[in-house]
1. Could you list the residues of region 262-297 with an amide nitrogen less than 16 Å from a label point located 7 Å from the Cα of E238 in the Cα-to-C-beta direction?
2. Listed here are the pairs K240/K468; K5/K252; K5/K109; K550/K576; K129/K513; which of them are more than 28 Å apart at the Cα?
3. Cβ neighbours within 10 Å, averaged per peptide: list 61-71, 543-553, 126-136, 250-260 in order, most packed at the top.
4. If I take R0 = 56 Å and measure r between the Cβ atoms of E465 and E30 in this structure, what FRET efficiency does the formula 1/(1 + (r/R0)^6) give, to the nearest 0.05?
5. Measure nothing fancy, just the Cα-based angle from helix 456-470's long axis to the longest principal axis of the chain, in degrees from 0 to 90, nearest 10.
6. Based on DSSP, what percent of beta bridges with both residues in the chain are antiparallel, to the nearest 5?
7. Evaluate the charge dipole of region 58-213 about its Cα centre and quote only its size in Debye, nearest 20, assuming +1 on the Cβ of each Lys and Arg and -1 on the Cβ of each Asp and Glu.
8. State the answer as a single residue: which of F323, W351, N312 lies farthest towards the positive end of the charge dipole of region 297-378, with beta carbon charges of +1 for Lys and Arg and -1 for Asp and Glu, about the Cα centre.
Amino acid sequence: MTNNKTVLAWLEEMKALLCPDKVVFIDGSEEQIEALRKEAVEIGELEKLNEELLPDCYLHRTKVNDVARVEGRTFICSKKEENAGPTNNWMDPEKAYKMLYDIARNSYKGRTMYVIPFSMGPIGSPLAKIGVEITDSIYVVLNMVIMTRVGKEVFDVLGDSNDWVRGLHSRCDIDEEKRYICQFPEDNTIISVNSGYGGNVLLGKKCFALRIASYQGWKEGWMAEHMLILGIENPQGEVKYVAAAFPSACGKTNLAMMIPPKYLRDKGYKVWTVGDDISWMRIGPDGRLWAINPENGFFGVAPGTNEKSNFNALASTKKGTIFTNVAHNLDNNTVWWEGLDKNPPENAIEWKGNPWNGKTSDEKGAHPNSRFTAPAKNCPCISSEFESQAGVPISAIIFGGRRAKLAPLVYQSKDWENGVFVGSTMASETTAAASGAVGVVRRDPMAMLPFCGYHMGDYFRHWLEMGKKLGDKAPKIFNVNWFRLDDEGHFIWPGFGDNMRVINWIIDRCEGKVGAEETAIGYVPRPEDIDLTDLDFDVETLKSIISVDKEAWLKEADEITEHYKKFGDRLPEELKNQLENLKANLNK
Ligand code: GTP
Ligand code: SPV
Ligand code: MN
């Protein structure tokens with residue numbers, strides 16, 4: 001399928017190491033994919049779901065010990081430890097290769113080595129990049145076919161070039177003691193062993209499109225970010241694009257596919273999805289920041305997805321989708337998860353594979369991090385620019401996270417540099433998307449804490465440099481928080497589609513159409529400027545979630561001081577000054 005010498009040489013090396021019984025190149029043809037689906041069903045990797053209700057859909061269960069990303073076993077293997085920085089685990093590349101090759105040696109014996117050529121981004125786009133993943137898992141192949149652009153065409157575009165990312169995945173024994181997810185940014189290489197869970201094994205996604213690509217972006221002058229991309233069409237038919245970085249399971253897929261409230265729809269507002277997780281951004285010929293979604297599908301959180309919370313995501317899962325770790329409804333051979341509807345199946349199998357009665361059981365039917373892998377083209381609101389080679393121009397960048405207290409519903413940073421400060425100090429309560437405690441506040445700069453492939457101080461510096469290059473064409477930077485809780489622990493803001501009310505304020509700010517109140521942390525909306533039409537939500541409550549509590553923010557500033565210490569002398573001076581300014585403003 002290719003004559004590329006660097007590809008062929010690497011494949012020979014991998015064959016000698018892994019000793020597969022046979023090698024299969026994935027050409028992207030429907031016949032080959034269909035044959036693989038059949039085989040996956042025969043060997044029990046997948047279960048075929050109801051062809052009438054969920055055509056071409058399948059169910060997969062991972063091992064119980066293998067249900068989320070494992071940040072503690074994820075490593076950046078740069079030659080120098082200091083280049084991985086204080087927020088990453090580091091391993092010496094020489095030692096890492098040796099250890100990983102020892103683990104993977106002969107692990108494909110009796111198995112097939114699948115070779116997957118894939119493009120992150122529209123094939124041939126100047127913003128796209130190419131990878132080759134080898135794996136011994138049909139589940140991985142079938143997920144990669146949905147999540148990326150796979151097939152011979154990718155090799156054609158690659159030609160003789162050596163600019164491609166090597167990805168080795170081996171399931172080995174799914175032994176959590178020997179599980180490693182290692183990125184070698186200086187070698188364009190990823191090695192993942194002893195896991196079969198999405199974020200650890202779909203190597204195009206977090207490993208390449210964020211950890212390796214963030215490093216490439218730093219070296220080459222572009223940005224790889226953990227951001228959704230959303231187009232907002234106003235009644236005049238003009239579309240503005242925003243990119244938003246929220247940590248895992250904090251609402252990217254939801255915002256990327258939201259349905260505006262009825263009265264805004266009636267006026268003619270529309271929302272178009274470009275991406276729900278990752279954004280690659282470059283400065284275009286016009287000097288603005290242009291973004292593509294490097295992915296081709298959605299690997300979304302299932303629980304909580306329903307017709308009301310995310311109609312478009314649910315619609316996207318109705319055909320050609322792989323469900324992982326959800327409950328299996330045996331009555332009609334479909335799937336179910338917590339929050340899908342109020343009618344859990346009685347005759348079902350839960351995510352671990354045991355019989356389950358959703359009406360009487362206290363156990364969960366679906367794992368909290370259960371996922372769907374759905375083709376982007378299924379999405380009813382997929383953007384007409386989804387396949388655009390040039391990408392879309394970004395008007396605003398939005399940061400956000402889960403903060404029960406403190407962070408206002410929305411505020412605008414004073415300028416790019418202040419926006420980088422806001423992003424670099426982001427914090428959020430942890431979720432089930434990674435193993436470990438849930439609900440603990442942690443600093444997660446730009447939602448990239450688990451995904452930045454180099455020293456985060458250098459990453460902040462890169463953001464500042466990009467701002468200088470963009471000058472007055474830089475997107476405006478905002479921060480949002482949909483997750484404020486009242487004293488009873490209920491969400492105060494209705495969220496979901498009603499977030500459109502906040503997005504409209506953001507767009508109006510970008511266009512200079514609306515004023516704001518200046519506070520110590522940035523610009524917050526004047527209460528009358530957030531449109532509450534048709535919403536049972538009073539202005540006093542709104543005021544309570546857009547106000548800035550100086551005492552609480554002074555405490556926050558102290559925590560930021562601690563957070564910043566980690567970065568030592570690689571913390572840009574500009575950000576230190578930003579922190580001092582914040583303190584001074586709060587003490588005024
Ligand atoms: P990753 O795929 O892990 O990167 O996650 P994500 O950021 O795409 O998260 P997703 O959109 O799947 O949201 C996960 C959870 O956030 C779900 O439980 C949603 O119900 C909840 N959520 C999303 N938007 C809102 C909102 O506006 N308000 C509230 N209260 N919850 C929300
Ligand atoms: C995330 O955790 O941010 C995800 C899911 O998008 S995973 O691909 O597992 O990383
Ligand atoms: Mn994500």
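1. Output list for this probe position: 268-270.
2. Values: K240/K468 22 Å; K5/K252 40 Å; K5/K109 25 Å; K550/K576 20 Å; K129/K513 38 Å.
From K240/K468; K5/K252; K5/K109; K550/K576; K129/K513, over 28 Å: K5/K252; K129/K513.
3. Values: 61-71: 20.0, 543-553: 15.2, 126-136: 22.7, 250-260: 25.2.
So the order, starting with the most tightly packed, is 250-260, 126-136, 61-71, 543-553.
4. Working: r = 45 Å, r/R0 = 0.80.
Rounded to the nearest 0.05, the efficiency is 0.80.
5. Its long axis makes an angle of about 60 degrees.
6. Details: 62 of 96 bridges.
Here the share of antiparallel DSSP bridges comes out near 65 percent.
7. Numbers: 21 positive and 19 negative charges, 78 e Å.
So the magnitude is around 380 debye.
8. Working it through, the farthest residue towards the positive pole turns out to be N312.
The values are calculated or read from the model by the stated rules, or taken from the named source; none is laboratory data. Computed from a predicted model, the values in this text were never measured in an experiment. Reconstructed Cβ throughout: ideal geometry from the backbone, glycine too, with neighbour counts over all protein chains shown. The area values use the complete protein model at the heavy-atom level, side chains included, leaving out ligands, DNA and RNA. Shrake-Rupley method; radii C 1.70, N 1.55, O 1.52, S 1.80 Å.
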